[in-house]
Amino acid sequence: MIPVFDGHNDFLQRAVEAPDAAVLWTDGDGTGHLDLPRARAGGFAGGFFAIWIPVEDGPFDPAAAQMMENPPFSMPLPPPVPYAAALPHAMAQAKALFAMARTGTLTIVRSTADIRRAMAEGRVAAILHMEGAEALDTPDALYLWHTMGLRSLGPVWSRSTPYGHGVPFAFPASPDTGEGLTQAGRDLVRTANALRVMLDLSHLNEAGFWDVARLSDAPLVASHSCAHAIAASSRNLTDRQLDAIADSRGLVGLNYAVSFLRPDGRRVGFDGFDPMLRHLDHLIDRLGEDGVALGSDFDGALVPNELSAADRLPALIAAMRAHGYDDGLIRKIASENWISVLERTWGE
């Protein structure tokens, strides 16, 4: 079984809502996309476990979801979340990941050597990631989170933070939706570079993307994004953005969310893998074979019917093989490219 190292999941939000995060992880409960039994069954070897602050209204609200089923649509950004509200939730999610690690089935990794060791020893390699920096009151707070094990940071989710601006959920639409990084956001980029924390460009608007590209000395990475040329969602990356990522020897992890994959932008499931393969072909064309990976968005998105959970990952591998990708390329996309870009970013 070809192992999969994945660019993004939202399991920690499920974990903090469960009576026992560790038990939900080790035993599963028959819901969601990810848990240890299904990870093992599908070859899910590790990935980025996101801290994310939920919203009451947004793309998961029933009315909004119905709107997304029938493009065109343009949803306003959710309101900002204040630091005082964000911090307790972020700490609870981090605590859940540490509880999962104490089961001995998962390692919170801080280096690529840690990733390789965990995978070799049969433990899930988990990167502590923050999707939206609301839980950082200042850029200096990143030093504390780095000490706790944080190795990846997205300055925004799809709403504004003190650091920058996310893109709204809209189709068809451009990612060029507003202003770039704030001064605090520019300082955050410099702090992340100093600590060698990976900066995640998924969700950041286009002006913010170009600010990071100018300021950062690390590879440009979008952990869970798709190609705007295939599906004109505001969340997807233009060819110009993809070319900048390629120039930096960076990477894009393919998002499995159906509304970002489908050329018609509809948030409706589909059978087969054709939309995913079309995006992968385009990403490989723009980024090269070393710049493309996977970024599922498990437990945070509506995914294709035949990728209903992590135990279905072998079906995606089989589809890539049937599409003409050889095993060398599949292994790069499935895990090796993530480990390589992290080594270039972290320096270890």
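Quick one: what does P(r) look like for segment 75-214 with 10 Å bins over all Cα pairs, in whole %?
All Cα pairs considered, the percentages come to 12, 39, 31, 16, 2.
Quick one: what do you get for segment 23-89 if you divide its Cα Rg by 2.2 N^0.38 Å?
1.51
Taking every pair of alpha-carbon atoms in the chain, what share in percent sits in each 10 Å bin, from 0 to the bin with the longest distance?
6, 28, 38, 25, 3, 0
Using +1 at the Cβ of each Lys and Arg and -1 at the Cβ of each Asp and Glu in the chain, identify which of ALA96, ILE230, MET148 lies farthest towards the dipole's positive end.
MET148
Of PRO219, ILE51, TYR256, whose Cα points farthest to the positive end of the dipole of the chain (charges on the beta-carbon: +1 Lys, Arg; -1 Asp, Glu; origin at the Cα centre)?
PRO219
Using mean Cβ contacts within 10 Å as the protection proxy, how do 276-288, 198-210 order, highest first?
Details: 276-288: 19.9, 198-210: 24.4.
With the highest mean Cβ count within 10 Å placed first, the list reads 198-210, 276-288.
Pairs of Cα atoms under 8 Å, at least six residues apart: use those to get the relative contact order of segment 209-343, whole percent.
It rounds to 25 percent for segment 209-343.
With n ≥ 4 as the cut-off for DSSP H runs, can you work out [θ] at 222 nm for the chain, using -39500 (n - 2.57) per run divided by the number of residues, rounded to the nearest 500?
-11500 deg cm²/dmol
Got a number for carbon plus sulfur as a percent of the chain's accessible area, 1.4 Å probe?
Its accessible area is 52 percent carbon and sulfur atoms.
Given a 1.4 angstrom probe, what's the average accessible area per residue across the chain, in square angstrom?
Per-residue value: 36 Å².
How much accessible area does THR103 have with a 1.4 Å probe, in Å² rounded to the nearest 10?
50 Å²
Taking only the Cα atoms of segment 163-207, how large is their convex hull per residue, in Å³?
For segment 163-207, the hull spanned by Cα atoms encloses 58 Å³ per residue.
Using only the alpha-carbon atoms of segment 114-181 as identical scatterers, what base-10 log of I(q)/I(0) does the Debye formula give at q = 0.16 Å⁻¹?
Debye curve over Cα of segment 114-181, log10 I(q)/I(0) at q = 0.16 Å⁻¹: -0.69.
Find how many whole Å separate the alpha carbon centroid of segment 8-53 from the alpha carbon centroid of segment 263-335.
Spelled out, the Cα-based centre of one part sits 20 Å from the other.
The values are calculated or read from the model by the stated rules, or taken from the named source; none is laboratory data. In this text, all values refer to a predicted model and were calculated from it rather than measured experimentally. All Cβ positions, glycine included, derive from the backbone under ideal geometry; neighbour counts span all protein chains shown. The accessibility values were calculated without ligands, DNA or RNA, using every heavy atom of the protein model including side chains. Shrake-Rupley method; radii C 1.70, N 1.55, O 1.52, S 1.80 Å.
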